[in-house]
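The values are calculated or read from the model by the stated rules, or taken from the named source; none is laboratory data. For clarity, every value in this text was computed on a predicted model and none was experimentally measured. Every residue, glycine among them, receives a Cβ derived from its backbone with ideal geometry; neighbour counts consider all protein chains shown.
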Amino acid sequence: MRRTILVFGVLAIALVFSLATTAQEKKDAGEVQVTGCFNKADTEGLFVITDETSGKKITVSGDPAMLARHANNHKVTLTGTMAKEKDKEVLKATNLRMLALCQ
């Protein structure tokens, strides 16, 4: 009887850890990182990063206190999620890491 309870307990713990790991992987799956030159956009409150890999210009939104001070031709890595705003793809930045000044 005790052995059965122990086996079910171990299986329950293994299942909980498995589900927690799967949930974390799904949460991080939508996160993106873009590195490139970062500047203000023409639209108030928005920014633009030029992806150093593809050359593509990506519109960026997020916390102005975090973003504005680096929107002066700084090379940064932005982390966030992509979303549709007014039929336009926008990177909703949640983290910024300053790397250098753009050349």
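A few points about this structure:
- One residue from E25, E31, E52, E85 being under 18 Å from the mean Cα position of the chain (by Cα), surrounded by 10 or more Cβ atoms within 10 Å (Cβ to Cβ) and modelled with pLDDT under 90: E85
- Selection from the stretch 43-94 of residues that are of a type in the set (G, A, S) and within 15 Å of E31 (Cβ to Cβ): G62, G80, A83, A93
- Looking across the stretch 55-77, the residues that are of a type in the set (A, V, I, L, M, F, W, C) and either part of a strand (DSSP E or B) or surrounded by fewer than 17 Cβ atoms within 10 Å (Cβ to Cβ) (or both) come down to I58, V60, A65, M66, A68, V76.
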